[in-house]
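To keep things clear, I will list the structure first and then write my remarks on it.
The values are calculated or read from the model by the stated rules, or taken from the named source; none is laboratory data. What you are looking at is a predicted structure, and each value in this text was computed from that prediction instead of being measured. When we count neighbours, we look across all protein chains shown, and the Cβ atoms used for this are built from the backbone with ideal geometry, even at glycine. Just the protein is used for accessible areas: all its heavy atoms, side chains included, with ligands, DNA and RNA removed. Shrake-Rupley method; radii C 1.70, N 1.55, O 1.52, S 1.80 Å.
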Amino acid sequence: MKDKFIVSPAPHIHDSTSIPKVMWNVVIALLPALAFSIYYWGWKTLFLTALGVLAAILTEALIQKLRKVPITVYDGSAVVTGMLLTYNISPGSPWWLPVIGSIFAIAIGKQVFGGLGNNAVNPALLGRAFLLASWPSLMTGNCWKPTMAHNLSASSINGISNLSAISDSLATISPKAYNLVTGATPLKVMQTLRDTTFINTLTSDPATNIDLGTKIFNGLIDMGTLKSMFWGNIGGCIGEVSVFALLIGAIYLLWKNIIEWRIPFFYLLTVAVLTFLFGGIPGLPETQYSLSLPIFHLFAGGLILGAFFMATDYTTSPLTKNGRIFYAIGCGALTVIIRLIGGYPEGVSYSILFMNVMTPLIDKLTMPKAFGKVKK
Amino acid sequence: MKLKTFPGGVHPPDNKQYTSAVPIEEFPLPQKVVIPMSQHVGAPSVPLVKVGEEVKTGQKIAEANAYVSIPQHSSISGKVTKIDTFLHPLGAMSLAIEITGDGSDSWIELVDEPDFMNLPVEEMKNRIKEAGICGMGGAGFPTIVKLSPPENKPIDTVILNGVECEPYLTADHRLMLEQSEGIINGLKIIMKILNAQHGMIGIESNKPDAIAQMNKLLASENNLSVVPLKLKYPQGAEKQLIYAATKRIVPAGGLPLDVGIVVQNVGTAFAIYEAVRFKKPLVERIITVTGSVVNNPKNLKARIGTLFSDLVTYCGGTKSEIGKVISGGPMMGYSLPSLDAPMAKGTSGLILFSEKEARTIEERNCIHCAHCVDVCPMNLVPSLIAQGVKGGDLTLAVKAGLEDCIKCGSCAYVCPAHIRIVQWVDTGKLRYAEERQAK
């Protein structure tokens, strides 16, 4: 028998989680969305994602080598960043876009702060913001449009199902309206509709304009469209379009106790409530207070990806339970503000980035009272 | 059955299967015992004997030297062979009395008073005090102090802690099955001393046999009841147990008596019963000797001061190399460098880990996952306590809850970065005390 045993502080048992386990589980949870993007857009999305991940890993390893700190790329956190960054670009992007985005995300978003656990904002979102500022035309506009074969079935235009009946004649009645519904993402259509000057110039007849606007709106929030959005048969970024695929991953993360319910729940709830109250189109009375509208906003754009996979990023979201609620409500409110009155059709990334910066302050202000502490 | 519990907590595998069905076995008289002078919270006891002196089993060999202190007794008969520093079951080296046995186990004179319930309260308290009883669940607070609350703090409820939420340990479980009546008598004595109207025994749901047995025995008592509790760690922590059983919240920095409650471990209750009825000092207790490498894990009734090495030998030795020796439970117990330490009054378990189980993982950066926040039963922010202590920012650590931490270890148990949060809390508490003293 030995006479010296390991002496270490209690507890002497551990639930066997570790940083790599957490991160690789996030990777697993992101895979269904990747599978759906391959299904809709072809192998190119896999290629882009692989490039983004590879760039993230190499950048992290290189910088850690230069910093003379242990190389920890095996922990999967760089893989998560590379995946999330690529999920936030268009499937039509050139190959170097995810590469540059990932390099920026890891180098400037993560390693300059000291690596995992020290970054102020979500590295992937910072990388995306950098790409959006540097190559706006690649990051918005036509590149958002699905370009592969499966995505536009004959019965729907850009997922907007009941417009098929009017779409043929729409081209002759109002080329402007036709271009809109066939060109962009559902959120872009929604944003354009909210612009009253746009509706007023659809045709020369005001009554027809209101009718057309209402029709497009109803097409957007119609069951068929929502279904397309749920499955991901719409325009958008690589990893954000399929609500279904993302929810599979989200349920996995909740089940594995890797993310906690407060942030996604209050984020989505805030978006739903605010879009129900304020999401109707100004000037179109029939579009107010529709129950389908909040669903449209929940399914649209990067909200599901953002709420479950990016707003929940450990390092950049609040520690305290109440803090998480405030943070999530802040993310939701900003997202809605940007979507309804901002210059961009989508506001998820900027909202989360902004709330990331607020996180230390939120933690400070929401420090919990210890069990048994009386309120002073 | 509706199970009661508290917010937060974790679910470690309970690993009680090794010993939960093994009846208590009497450990044969040890040849040598080492009685530490600090087996309790408070001032160390002062030796009354000299080297070479003959002592009897149960003889007082050290005196309490303060209000918060207890006397110590020899647990075997024999000769005092050393008064020196020895390895303490909590890890450090401290003063202890070594007694080498004469093999006769001749006791001091005991009594038997079947009518013990009618003894005057003062006599009961005196016997408990003289018996050297301290809390046997681990913390080791002198029992007599707990039984003497200030007059302006009336106690209405006594809760016996039979939760045993630490994994591996089954000592309290077996005691509840095999000495149920003694425990209930102990509860009644405590209630009489405190003039409390209600008595409860809190038991976790993984001990259905103990719950059933206590229920049966308490069926005819209308002021005594069993409180079945949800299986969750740290269900047996005092404040968490009180909340689960009564919904009362002990104020931060306060004591259970502030909310009219006194909690005693079931083992302590049994010791109280024996002290009051037989004038028997606390010289033996039940200890679970277990772990994957122990050949025959057992629940042993052993004399205080018995060396861990003797206990392990009695349990058939080990199957493979020992990696770690833990006195107490795996969540809050202490790891020891060797098996040379003796068991003390608060030592409920001796757990041996294999080398593989003993492996520790390097601490990494906190990634702010907040898992520690989600499991903290005291509603603190453990990661910020650790960060504050590490970074020398005690103000942050205190804000995050340094003073209120009960060191249950739930946070460190779930930490994916394997940060030794409890150790940082210990360091922080020390530094904070120094800082306040300096002011």
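What the table below lists for this structure:
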item	result
Selected residue (criterion: modelled with the lowest pLDDT) from residues of the range B:88-118 that are of a type in the set (A, V, I, L, M) and open to solvent by 20 Å² or more (accessible area, probe 1.4 Å)	B:92
Cβ pairs under 6 Å, 6+ apart, first in the range B:112-123 and under 16 Å from residue B:278 (Cβ atoms), second at pLDDT 95 or above	B:112/B:278; B:113/B:277; B:116/B:276; B:116/B:277
Test for residue B:418: is it at positive phi and surrounded by fewer than 19 Cβ atoms within 10 Å (Cβ to Cβ)	yes
Residue A:253 vs. criteria within 14 Å of another protein chain (Cβ to nearest Cβ) and open to solvent by less than 70 Å² (accessible area, probe 1.4 Å)	yes
Enumerated helices (runs of 4 or more DSSP H) restricted to the range A:73-142, each holding at least 2 residues that are within 14 Å of chain B (Cβ to nearest Cβ)	A:77-87
Identity of the residue in the range B:345-365, surrounded by 24 or more Cβ atoms within 10 Å (Cβ to Cβ) and not in a strand (DSSP E or B), that ends up nearest to the chain's Cα centre (by Cα)	B:346
From the options B:230, B:239, residue that is in contact (Cβ under 8 Å) with a residue 40 or more places away in the chain and under 19 Å from the mean Cα position of the chain (by Cα)	B:239
Hits in the range B:414-428 (condition: at the interface with another protein chain (Cβ under 8 Å from one of its Cβ atoms) and assigned to a helix (DSSP H, G or I))	B:414, B:422, B:423, B:426
Conditions (1) in contact (Cβ under 8 Å) with a residue 24 or more places away in the chain; (2) open to solvent by 50 Å² or more (accessible area, probe 1.4 Å); number of the one not met by residue B:145	(2)
Some residue of the range A:285-303 being over 23 Å from residue A:235 (Cβ atoms), open to solvent by 30 Å² or more (accessible area, probe 1.4 Å) and within 14 Å of chain B (Cβ to nearest Cβ)	no
Within the range B:336-385, tally of residues that are at the interface with chain A (Cβ under 7 Å from one of its Cβ atoms) and among the hydroxyl-bearing types (Ser, Thr, Tyr)	3
Matching residues, the range A:53-72, being in a helix (DSSP H, G or I) and more than 22 Å from residue A:302 (Cα to Cα)	A:54, A:55, A:57, A:58, A:59, A:60, A:61, A:62, A:63, A:64, A:65, A:66
All positions within the range B:390-413 that are outside any loop (DSSP other than H, G, I, E, B) and within 7 Å of another protein chain (Cβ to nearest Cβ)	B:399, B:404, B:412, B:413
Test result for residue A:51, more than 13 Å from chain B (Cβ to nearest Cβ), surrounded by 18 or more Cβ atoms within 10 Å (Cβ to Cβ), under 23 Å from the mean Cα position of the chain (by Cα) and modelled with pLDDT of 95 or more	yes
Out of A:16, A:8, sole residue that is at positive phi and within 12 Å of chain B (Cβ to nearest Cβ)	A:16
Hits in the range A:194-209 (condition: of a type in the set (Gly, Ala, Ser) and buried (at least 17 other Cβ atoms within 10 Å of the Cβ))	none
Meets criteria (surrounded by fewer than 15 Cβ atoms within 10 Å (Cβ to Cβ), part of a loop (DSSP other than H, G, I, E, B) and in contact (Cβ under 8 Å) with a residue 60 or more places away in the chain) for residue B:154	yes
Residue within the range A:352-363 that is crowded, with 17+ Cβ neighbours inside 10 Å, in contact with a Phe, Trp or Tyr (Cβ under 9 Å, 6 or more places away or on another chain), within 11 Å of chain B (Cβ to nearest Cβ) and among the hydroxyl-bearing types (Ser, Thr, Tyr) present	yes
Positions within the range A:128-151 being under 25 Å from residue A:228 (Cα atoms) and either at pLDDT 85 or above or surrounded by 13 or more Cβ atoms within 10 Å (Cβ to Cβ) (or both), in sequence order	A:138, A:139, A:140, A:141, A:142, A:143, A:144, A:145, A:146, A:147, A:148, A:151
Qualifying positions in the range B:367-389 - part of a loop (DSSP other than H, G, I, E, B) and touching a Phe, Trp or Tyr at 6+ places or on another chain (Cβ under 9 Å)	B:367, B:368, B:369, B:370, B:376, B:377, B:378, B:379, B:380
Residues (within 14 Å of chain A (Cβ to nearest Cβ) and not hydroxyl-bearing (Ser, Thr, Tyr)) located in the range B:1-39	B:6, B:7, B:8, B:9, B:10, B:11, B:12, B:13, B:14, B:15, B:16
In the range B:193-218, the residues that are crowded, with 17+ Cβ neighbours inside 10 Å and part of a helix (DSSP H, G or I)	B:193, B:194, B:210, B:211, B:213, B:214, B:218
Residue B:221 being charged (D, E, K, R), in a loop (DSSP other than H, G, I, E, B) and within 26 Å of residue B:344 (Cβ to Cβ)	no
Helices (runs of 4 or more DSSP H) wholly inside the range A:188-284 containing at least 3 residues that are closer than 23 Å to residue A:335 by Cα	A:206-220, A:223-231, A:243-255, A:262-278
In the range B:299-327, the residues that are open to solvent by 10 Å² or more (accessible area, probe 1.4 Å) and outside any helix (DSSP H, G or I)	B:301, B:303, B:307, B:316, B:317, B:318, B:319, B:320, B:321
Odd one out for residue B:238, checked against (1) open to solvent by less than 10 Å² (accessible area, probe 1.4 Å); (2) under 17 Å from residue B:164 (Cα atoms); (3) within 14 Å of another protein chain (Cβ to nearest Cβ)	(1)
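Listed here are the residues, each with its yes/no results for (1) modelled with pLDDT of 95 or more; (2) assigned to a strand (DSSP E or B).
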| site | (1), (2) |
| --- | --- |
| B:30 | yes, no |
| B:35 | yes, yes |
| B:40 | no, no |
| B:43 | no, no |
| B:62 | yes, yes |
| B:65 | no, no |
| B:70 | yes, no |
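Table: residues versus (1) in contact with a Cys (Cβ under 6 Å, 6 or more places away or on another chain); (2) of a type in the set (Val, Ile, Thr); (3) buried (at least 19 other Cβ atoms within 10 Å of the Cβ).
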| site | (1), (2), (3) |
| --- | --- |
| A:4 | no, no, no |
| A:10 | no, no, yes |
| A:20 | no, no, no |
| A:25 | no, no, yes |
| A:28 | no, yes, no |
| A:32 | no, no, yes |
| A:37 | no, no, yes |
| A:44 | no, no, no |
